[in-house]
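This report refers to the structure that appears directly beneath it.
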Amino acid sequence: MFRFRERDFKEVKHYGGKSTAWPFGYETLEKYYDESEKLFSVHGLRGSDPTESPTSMEYPRPHLPFEPLTLELSSQLKSIGLNPFPLPMAIRLPQDDNKNASPVLLENFDGFPDPTDSKANGQTSCLNKALAYFNVTLITNAFVNRILTNVEGNLATGVEVVIEDEKVVFDAGLVFTACGAINSAALFLRSANEKHPNGLANSSGLVGKNLMLHHNGCLVAFTKKNNDCKFQKSFGLADFYNGATDSEYPLGEIQLMGRNDPDTILWMGSTLYPDKSYEELRASSIDFWLTAEDLPSTNNQVSLKEDGSIKVSYDRTNYTAYERLKDKLKETFVRLGEIDSDYKDVQWGGYDLDVSGVSHQNGTLKMGTDPSESVVNIHCQTHDIPNLFVCDASFFPSCGAFNPALTLIANSLRVGDYVVEHYKL
Ligand SMILES: Cc1cc2nc3c(=O)[nH]c(=O)nc-3n(C[C@H](O)[C@H](O)[C@H](O)COP(=O)(O)OP(=O)(O)OC[C@H]3O[C@@H](n4cnc5c(N)ncnc54)[C@H](O)[C@@H]3O)c2cc1C
């Protein structure tokens, strides 16, 4: 759970062009980041990452302990001048508050639902608490088909929802969308009506445009070191976030990730080490996750096909940064090989996510102050329909290269404050 860096809110030059400045700076979100880290019980170590944004607040919880391999690797990286830092993790463990409680030992849940409720996610941190209120109802298996407006088209009046093949209309004084950047944009487009023929709140023509995904992918180092980590996702490296000695422009950040699943490890090993078993491959590999910034482009967009299904058109925008970031990780292991022979002659496997990997989707309902160049204003309220708000990452004008969840959570708290104050709720 990362805060975006101060520079992520500014226009920054990249290999692929420029990122768009946000209409407010980091300082506007700072107190909401503080609140979000508390709400999501983030474990971390303030001051360990030289690129981190300023705050006077410590992390609510100390960082998770490293295992022997990651501890050693982290200190070796420090010895060659890099700054590995404990990943800020949204986790709630029984042993956090009670040393005598049966501990939950973390394994590979980062990309999966967590039945132990140790992952501090939207459900455990917010939804369960909200459901305790008598006036909150959660309806599951309900598909929001359209947002409805009054005849004049200047107020949202409710939503049309499909529940068990039946259309049900819910009236509403305020409507918030948080379907994820692709589905929120699609919902706006599906909700076209007489006053909004090109999709709701689309007077700018930008609904669905500027889709960003981040350039994400995995690099797996096959080394001579024995990797017996149970929970490998422990540290990050942001030393190349703003560039490198041989890279003028920002590259991105690198994290250890949860272990790849057996099929993926076997697939990677099949060409490099066809005779090795899964267990051997797993023990000799270390898995990294890399993220580089994607830049807004109106060519990258969500639209609807004639049958109403969603079409995503996307071309990579700033891929040089990602390729250079991969090179940096490989170079780092060459340097590690000079101090530890187990890291000599590393073989690399991995994969790059493309448009099929939309885990960090954002940007399709751009925020800005000029209604002709953005869909929502600084309160994430659509310029065209003031009681229609957007509370997912679709408002991002640009997306930095850190994982987005904490930023969209912090922003939702900010929007919530505005709504409570503005509507005297
Ligand atoms: C495998 C994976 C790992 C990730 N790891 C990290 C991480 O480590 N750190 C991080 O910061 N981010 C991470 N992310 C990204 C993070 O999960 C997202 O940024 C975040 O969940 C987005 O939150 P959201 O509420 O906007 O959207 P979502 O969490 O996608 O929720 C949107 C909800 O809306 C529902 N919905 C959509 N359309 C409709 C409709 N028409 N009607 C009704 N319901 C609808 C969907 O079913 C879904 O439940 C990860 C994502 C994935 C997929």
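Observations
- The chain: angle of helix 181-190 to the longest principal axis, Cα-based, in degrees nearest 10: 20 degrees
- Once you reduce the range 129-151 and the range 198-217 to the center of their Cα atoms, the two points are 24 Å from each other.
- Taking the Cα centre of the chain as reference, the dipole from Cβ charges on Lys and Arg (+1) and Asp and Glu (-1) amounts to some 340 debye.
- Unit charges on C-beta of K, R, D, E only; dipole of the range 271-347, Debye: 220 debye
- Sequence of Y418, Y249 once ranked by neighbouring C-beta atoms within 10 Å, starting from the fewest: Y418, Y249
- Cα gyration tensor, the range 18-122 - rounded (a/c under 1.5), prolate or oblate: oblate
- The GluC sites (Glu not before Pro) of the range 1-85 include none that meets both criteria, a DSSP state outside H, G, I, E and B (loop) and at most 11 other C-beta atoms within 10 angstrom of the site's C-beta.
- Qualifying trypsin sites (Lys or Arg not before Pro) in the range 294-367, DSSP loop, other Cβ atoms within 10 Å at most 12: K305
- Between L425 and F112, the simple spin-label model (points 7 angstrom out along Cα→Cβ) gives 3.6 nm.
- Cβ charges +1 (Lys, Arg) and -1 (Asp, Glu), total dipole of the range 133-252, debye: 380 debye
- Restricted to Cα atoms, the range 304-362 shows a radius of gyration and a Dmax of 18.3, 60 angstrom.
- A protection proxy built from the mean count of other Cβ atoms within 10 Å ranks the segments 164-170, 123-129, most packed first, as 123-129, 164-170.
- Shape of the chain, Cα gyration tensor, a/c cut at 1.5: prolate
- Selection from L211, I139, Y278, by position along the positive dipole direction of the range 123-279 (Cβ): Y278
- Within the chain, helix-based [θ] at 222 nm, where runs of 4 or more DSSP H residues each add -39,500 (n - 2.57), nearest 500: -7000 deg cm²/dmol
- Selection from C399, Y26, M367, by position along the positive dipole direction of the chain (Cβ): Y26
- Trypsin sites (Lys or Arg not before Pro) restricted to DSSP loop in the range 76-128 with at most 12 other C-beta within 10 Å: K99
Any read-out appearing in this document is the output of simple, stated calculations on the displayed coordinates, not a laboratory observation. Remember, predicted model here, so these are calculated numbers, not experimental data. Note: ideal-geometry Cβ built from the backbone for every residue, glycine included; neighbour counts use all protein chains shown.
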